[in-house]
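Working notes for the structure below.
Read-outs: derived from the displayed coordinates by stated rules, not from any lab. Keep in mind it's a predicted model, so treat the numbers as computed, not measured. Glycine also receives a Cβ, built like all others from the backbone with ideal geometry; neighbour counts cover every protein chain displayed.
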Amino acid sequence: MTYFWFRRDLRLHDNAALYYALKNAKDVKCIFIFDQNILEKLPSTDARVTFLHDTISSLKSELIEQGSDLEVYHGRPEEIWNEILKSDGVKALYCNRDYEPYALSRDKAVEELCQTNNIDFKSYKDHVIFEKDEVTKDDGLPYTVFSPYKRKWLARLEKRKEKDLSYYFKAYPNEKYFENFSRVDEPSKMLDHDNLGFERSDLRIPSDEVKQKIIREYDKKRNFPAVEGTSRLGIHFRFGTISIRDKARKAQKLNDTFLSELIWRDFYSQILYHFPHVADKEFRAKYEGIPWRFDEEEWTRWKEGRTGYPMVDAGMRELNNTGYMHNRVRMVVASFLTKHMLHDWRLGEAYFAEKLLDFDLASNNGGWQWASGSGTDAAPYFRIFNPTSQMTKFDPQREYIKKWIPEFGTDQYPEPMLDHKEARERCLATYKMHLN
Ligand SMILES: Cc1cc2nc3c(=O)[nH]c(=O)nc-3n(C[C@H](O)[C@H](O)[C@H](O)COP(=O)(O)OP(=O)(O)OC[C@H]3O[C@@H](n4cnc5c(N)ncnc54)[C@H](O)[C@@H]3O)c2cc1C
């Protein structure tokens, strides 16, 4: 018996570890675990759990159609594997690698269980194009600045190109070996959503398909939040319901700027892998200990989109209502919280982590540390976004603002809760004093 464990790779097609499992074994049993260690930290109405449950149900149906099954568990992975791996006849466990600190320690524990039971543990790269040390500086150290990282990333691609046009973007032909899924007469019952302890959410999940036109015109339209100019694929990249190789292949043909965004995703993934301290500390040590303020009322107004700065408020309302926020606006609200309000970036990071459908530890942390100035390749602290000129530039007709703030322009809309100029100066003085 060979096991395949689904995690952030929830698809049967073009899935690296699943491909190798099916190619190398004749009786591949698929498993998914609703991980209690993760679920217990989420609010009971979490839309991502609904998405996950729906996705797992569909995967299970696809596997049943193949004459096989998906065994679905709910609990702590180490305990569950400890039981499964004790059974007779288990030869190997296959999975795709995950680079987050929790996932690394979980997988290490499961790998050790495999070793104890004399079972092969085989992991593959699937979630990113380049992982770990595949793109490093000439001296082997990880890059901490995006532009040279991107150059090397693209160069690695080119190098392989001579030999094999699409080596790093290749699709794994899993379907060739579908007959190697284990045969099951009576599939197991799917775990009920209610049994997970969560209420179903009716938040709309963006499609996993994107119009070619959006990718083609990405560089021209991606900065305008009122326009349908970005892919909205974030949640699908997060859970692996689409293949990064497939999208990178298309991006390479259609739009360099879109490809560049996918390279940012790899970049932040390798930053988290090489510098796991970023998960709770500043990437750059000298930024640790900035004397952050905390004001309950301001914090609530920021979360609820009532700061009196329309670009900030529209963004926060978009997030609260849809689980999405446009990238340009993410930068504006993050800068506003950390610079204007001088609140700890970790508060904003945690709020995004709770609300974003596309929440991804590496990218979210990268985005927040960038905004606060403490991250890799961060904007210097003295460059502070002006939320009003950002609005004028990127929402010139106020379409985005009016969509999310119906009372915009009336007495109902609050006055700015702080003065831009004063807040800017307070921020500059605080950062300057701390850094000198
Ligand atoms: C403060 C802040 C927090 C963020 N939090 C997250 C997060 O939790 N999860 C997340 O996936 N992205 C995050 N981003 C990056 C970016 O805002 C989102 O990836 C993007 O807005 C998602 O929308 P989209 O799918 O339409 O992206 P598109 O613009 O269509 O881009 C395609 C894909 O490229 C990747 N991507 C794009 N921009 C970035 C970027 N700057 N860094 C890393 N990957 C990128 C994403 O996977 C995205 O889905 C954050 C940015 C900031 C400034």
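Data table
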quantity: Long-range tail of P(r) for segment 345-436 (Cα pairs > 19 Å, %); calculated: 59 percent
quantity: The chain: translational diffusion in µm²/s, Stokes-Einstein, Kirkwood Rh over Cα pairs, 4 °C, 1.567 mPa s; calculated: 55 µm²/s
quantity: Nearest-0.05 FRET efficiency for ASP256 and GLU422, computed from C-beta distance (R0 45 Å); calculated: 0.65
quantity: Stretch in the chain that is longest and holds no GluC sites (Glu not before Pro) that DSSP places in a loop and that have at most 15 other beta carbons within 10 Å; calculated: 289-406
quantity: Label-to-label distance, nm, for residues given as ARG383 and ARG76 (7 Å Cα→Cβ offset); calculated: 4.6 nm
quantity: Of the trypsin sites (Lys or Arg not before Pro) in segment 341-436, those whose Cβ has at most 13 other Cβ within 10 Å and which sit in DSSP loop; calculated: ARG383
quantity: Efficiency of FRET from Cβ geometry, ILE64 and ASN320, R₀ 56 Å, rounded to 0.05; calculated: 0.90
quantity: For segment 190-231 versus segment 315-375, the gap between their alpha-carbon centres in whole angstrom; calculated: 18 Å
quantity: Per-residue Cβ neighbour rank within 10 angstrom, fewest leading, LEU203, LEU356; calculated: LEU203, LEU356
quantity: Length-normalised contact order of the chain in % [C-alpha pairs under 8 Å, at least 6 apart]; calculated: 17 percent
quantity: Per-selection Rg to Rh, segment 107-159 - Cα, Kirkwood hydrodynamic radius; calculated: 1.18
quantity: Prolate/oblate/rounded label for segment 2-126 (Cα gyration tensor, a/c 1.5); calculated: oblate
quantity: Approximate spin-label separation TYR167-VAL184, in nm, with each point projected 7 Å along Cα-to-Cβ; calculated: 3.8 nm
quantity: Ordering of 8-14, 310-316 by packing [mean C-beta count within 10 Å, highest first]; calculated: 310-316, 8-14
quantity: Taking ARG204, ARG249 and counting other C-beta atoms within 10 Å, the order from fewest to most; calculated: ARG204, ARG249
quantity: Alpha-carbon Rg with Dmax, taken over segment 283-436, Å; calculated: 14.8, 45
quantity: Sites ARG200 and ASP246, calculated FRET efficiency, Cβ-Cβ separation with R0 35 Å, nearest 0.05; calculated: 0.75
quantity: Residues HIS326, HIS277, HIS343, sorted so that the one with the fewest Cβ neighbours within 10 Å comes first; calculated: HIS277, HIS343, HIS326
